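Structure record follows, encoded as structure tokens.
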Amino acid sequence: MLLEMKRLGILPLDHPADERLLTGMDGQQNFARFSPDGRYLAYESNGSGRSEVYVRPIDDSARSVPVSRA
């Protein structure tokens, strides 16, 4: 069985070697959106075994927090 893992990260176009992963959960992370002020990332993940929405700060000051219930 082939499992496709999707992770979310930031890749600076002027410094591609500075790629930074924002998620490291099991499962797939999809449908990512930045907050209007650019400080947070919201995304869907099935890492818990069900599809849930998470939010996390971009600056790594805190972990992802689930904000939905499947």
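Things worth noting here:
- Spread over its residues, the convex hull of the C-alpha atoms of the chain is 107 Å³ per residue.
- Per residue, the chain exposes an accessible area of 75 Å² to a 1.4 Å probe, with every protein chain left in place.
- Residue ranges 10-21, 41-52, 26-37 sort as 41-52, 26-37, 10-21 when ordered by packing (mean number of other C-beta atoms within 10 Å per residue, highest first).
- Shape of segment 5-45 from the C-alpha gyration tensor: oblate (a/c of 1.5 or more and a/b not above b/c, with a ≥ b ≥ c the square roots of its eigenvalues).
- Here's the picture: charge each Lys and Arg Cβ at +1 and each Asp and Glu Cβ at -1 in the chain, and of Val53, Leu13, Tyr40 the one pushed furthest to the positive end of that dipole is Val53.
The values are calculated or read from the model by the stated rules, or taken from the named source; none is laboratory data. Keep in mind it's a predicted model, so treat the numbers as computed, not measured. Cβ coordinates were reconstructed from backbone atoms using ideal geometry, including for glycine residues, and neighbour counts include every protein chain displayed. Note: areas computed on protein heavy atoms with side chains; ligands, DNA, RNA excluded. Shrake-Rupley method; radii C 1.70, N 1.55, O 1.52, S 1.80 Å.
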